[in-house]
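The values are calculated or read from the model by the stated rules, or taken from the named source; none is laboratory data. This structure is a prediction, so every number in the text was calculated from the model and none was measured. Using ideal geometry, Cβ is built from the backbone for each residue, glycine included, and neighbour counts are taken over all protein chains shown.
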C-alpha cells in the first residue's frame, strides 16, 4: 500500500505576466506536470485549495492594505514595490496560494507532511507587499492554526536565498513562533529584519559550507525551541545557476539540504508543512528540478523512511 503525500496546487497559481517579466510564473504548472509524469505524485494526491477567507488574511494584514489590493486601489508605487502588475487574477492567485499553505499545514498536523506547490511569500509585511510577495502565507497559516487551536508553537525554517524580512517583522514579539533564515548576506532585501536566528552567507557559498552552517541551526531549533510544527520554506534560488541567488549550491547540495531538514524533523517527531519560495534559474528547468527534488525528498523521508545520503 502506497501512503499518500497530499500536495496543494491550483490553476490560479499561474497567471498571465508580460513576456519580459522576471518572475517565472510558469514554474508552478511545470512542477506539477513533472511530478505527475515521473510518478512522484499520483493524481489523487493533488488537492485544490479554495480561495483564502479575507478574515483569515486580515489576521496578519491590515484591513486597509487588503481592501486596496483586492479592489485594485493600491498606489502605483505600492504596485511597483510588489513587482507584479495588479489584476483580478493576481488577487485570486494570492488568495489561492495562502489557502494552499493553510491547508498544507492542517494536513501536516494530521498526516506529518503537507506540501504547497507555491507559497513562501516572506517579503510581505502587514501593510504592504514587496519582492514579488503580496500576502505572507506562512504567518497567515500560523495565525489560523493558533486561532483554531490546531497548533500554538511553530518554527519557520527559511532556506530561500533572500532573508524573510516580512515574516521576521510580523513575529518580532511572538514567543510561540521561532523565525530562522539562512540567506545571502549581500542579497535582497538591502535592509534585513532580524529574526530569532539568522545566518548570513557570503557570495559564492557552496554545498559543504552551506550544509555545515544549516545543520547545527536545525538541531538547535528542534532541541531548544521544541516546536509542534515546522514550516519549511524550500527556496530553489540558492542554486548555482540562479539569476538572483549569488550562492553556488548544486542540485546535489540542494537535495542534501532538503533531506537534512526533513530527516531532522522526522526524527524529532515534528510534522512539516513545505512551501516552495523563490527560484529564478537562468535555465527554468534548474528551478523546476530543484522544486521537484524537494517533493521527492519529502516522500522519501516521510513515506519511504529513507535516511539522508551524502
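Quick rundown of the values:
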item	result
Counted residues, region 199-220 - those being out of contact with any helix residue (DSSP H, G or I) (no Cβ under 8 Å at 6 or more places or on another chain) and under 15 Å from residue 163 (Cα atoms)	3
Residues of region 263-284 satisfying the condition of being out of contact with any strand residue (DSSP E or B) (no Cβ under 6 Å at 6 or more places or on another chain), assigned to a helix (DSSP H, G or I) and without any contact (Cβ under 8 Å) to a residue 60 or more places away in the chain	263, 264, 267, 268
Those residues of region 173-192 which are surrounded by 19 or more Cβ atoms within 10 Å (Cβ to Cβ) and either closer than 22 Å to residue 145 by Cα or in contact with a helix residue (DSSP H, G or I) (Cβ under 9 Å, 6 or more places away or on another chain) (or both), in sequence order	177, 178, 179, 180, 181, 182
Condition check for residue 43: within 20 Å of residue 291 (Cα to Cα), surrounded by fewer than 18 Cβ atoms within 10 Å (Cβ to Cβ) and in contact with a helix residue (DSSP H, G or I) (Cβ under 7 Å, 6 or more places away or on another chain)	yes
Qualifying positions in region 46-73 - surrounded by 13 or more Cβ atoms within 10 Å (Cβ to Cβ), touching a residue at least 12 places away in the same chain (Cβ under 8 Å) and not in a loop (DSSP other than H, G, I, E, B)	46, 47, 54, 56, 57, 65, 66, 69, 70
Within region 1-16, tally of residues that are in contact with a strand residue (DSSP E or B) (Cβ under 8 Å, 6 or more places away or on another chain) and either modelled with pLDDT under 95 or part of a loop (DSSP other than H, G, I, E, B) (or both)	3
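Per-residue answers, yes or no, for (1) buried (at least 19 other Cβ atoms within 10 Å of the Cβ); (2) more than 27 Å from residue 259 (Cα to Cα):
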residue: 75; (1), (2): no, yes
residue: 84; (1), (2): yes, yes
residue: 94; (1), (2): yes, yes
residue: 105; (1), (2): yes, no
residue: 115; (1), (2): yes, no
residue: 120; (1), (2): yes, no
residue: 136; (1), (2): yes, no
residue: 153; (1), (2): no, no
